[in-house]
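Right, one structure below, let's go through it.
The values are calculated or read from the model by the stated rules, or taken from the named source; none is laboratory data. Fair warning: this is a prediction, and the values are worked out from it, not measured in the lab. Here the Cβ positions follow ideal geometry from the backbone for every residue, glycine too, while neighbour counts run over all protein chains shown.
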């Protein structure tokens, strides 16, 4: 009898693009992919913090480079992807939030959130997939979504709208590109402790709401995301597409 072997989680010789890579969840994702052996192209708007992130990855033994990119600028996004060789992995962590009561959402707020969270994610995906299909290569596209893609939340109507839309988009793209062995999935975290969530955690009412909802009794850390990302990028998830991996401490189990 020959025992089956666990597929490799290694990403050696693969190229990965990580957007929103200068800090927080994006930086953690870039570090996870580099640790697994991928060469990571780290993209964000500001080159200063981005280069510092790349330097940290290199110091830890990873392979990375910095790429200044504004995801909301679709012309720049298309030109960047066209100029690059195909990416085996694309991890989209770029995101924007304009939290507040639904009736106080302005058209400008709505457009800004949708431009990054949904429109840019859409055209990043199509640009990545087009290059892979032209090259006859398989690939993995991963979007950092949110538990709010599966539930509602206080003062988060426009954010939830963008993330629920992202989930539907991913399912449709997974169906369309499955024949090309291009997988498309999302990672849906609960509240993760980063600089962007500090104001939320500093609000006693919001913090109690969060702590009451998370069944495991603690908020998330960026390290909680890293294993999921490495899994979805690797051959270990070769039959996983069109779905979301919830890292929510049981929030959506209700």
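Within the range 215-241, which residues are over 21 Å from residue 11 (Cβ atoms) and surrounded by 18 or more Cβ atoms within 10 Å (Cβ to Cβ)? Across the range 215-241, the qualifying residues are 219, 220.
In the range 190-199, the qualifying residues are those that are part of a loop (DSSP other than H, G, I, E, B) and in contact (Cβ under 8 Å) with a residue 60 or more places away in the chain, and the one that is surrounded by the fewest Cβ atoms within 10 Å (Cβ to Cβ) is 194.
When the test is whether a residue is closer than 23 Å to residue 28 by Cα and in contact with a helix residue (DSSP H, G or I) (Cβ under 8 Å, 6 or more places away or on another chain), residue 102 does not pass it. Every listed requirement among (1) under 27 Å from residue 246 (Cα atoms); (2) at pLDDT 95 or above is met by residue 63 save one, (1). In the set (1) out of contact with any helix residue (DSSP H, G or I) (no Cβ under 7 Å at 6 or more places or on another chain); (2) modelled with pLDDT under 95, residue 171 fails one condition alone, (2). Scanning the range 139-160 for residues that are assigned to a strand (DSSP E or B) and buried (at least 24 other Cβ atoms within 10 Å of the Cβ) yields 139, 140, 141, 142, 143, 144.
For the range 200-214, enumerate the residues that are assigned to a loop (DSSP other than H, G, I, E, B) and either surrounded by 14 or more Cβ atoms within 10 Å (Cβ to Cβ) or modelled with pLDDT of 95 or more (or both). Selection gives 214 alone. Screening the range 39-56 for residues that are in contact with a helix residue (DSSP H, G or I) (Cβ under 7 Å, 6 or more places away or on another chain) and buried (at least 24 other Cβ atoms within 10 Å of the Cβ) and picking the one that is farthest from residue 8 (Cα to Cα) gives 44. Inspect all residues belonging to the range 94-113 and state whether any of them is farther than 25 Å from residue 157 by Cα, buried (at least 17 other Cβ atoms within 10 Å of the Cβ) and touching a residue at least 24 places away in the same chain (Cβ under 8 Å). Taking every residue of the range 94-113 in turn, none turns out to be farther than 25 Å from residue 157 by Cα, buried (at least 17 other Cβ atoms within 10 Å of the Cβ) and touching a residue at least 24 places away in the same chain (Cβ under 8 Å). Looking only at residues in the range 229-242 that are part of a helix (DSSP H, G or I) and in contact with a helix residue (DSSP H, G or I) (Cβ under 9 Å, 6 or more places away or on another chain), which one is nearest to residue 144 (Cα to Cα)? Applying the filter and picking the extreme gives 229.
When the range 161-183 is limited to residues that are touching a residue at least 12 places away in the same chain (Cβ under 8 Å) and surrounded by fewer than 15 Cβ atoms within 10 Å (Cβ to Cβ), the one that is farthest from residue 234 (Cα to Cα) turns out to be 175.
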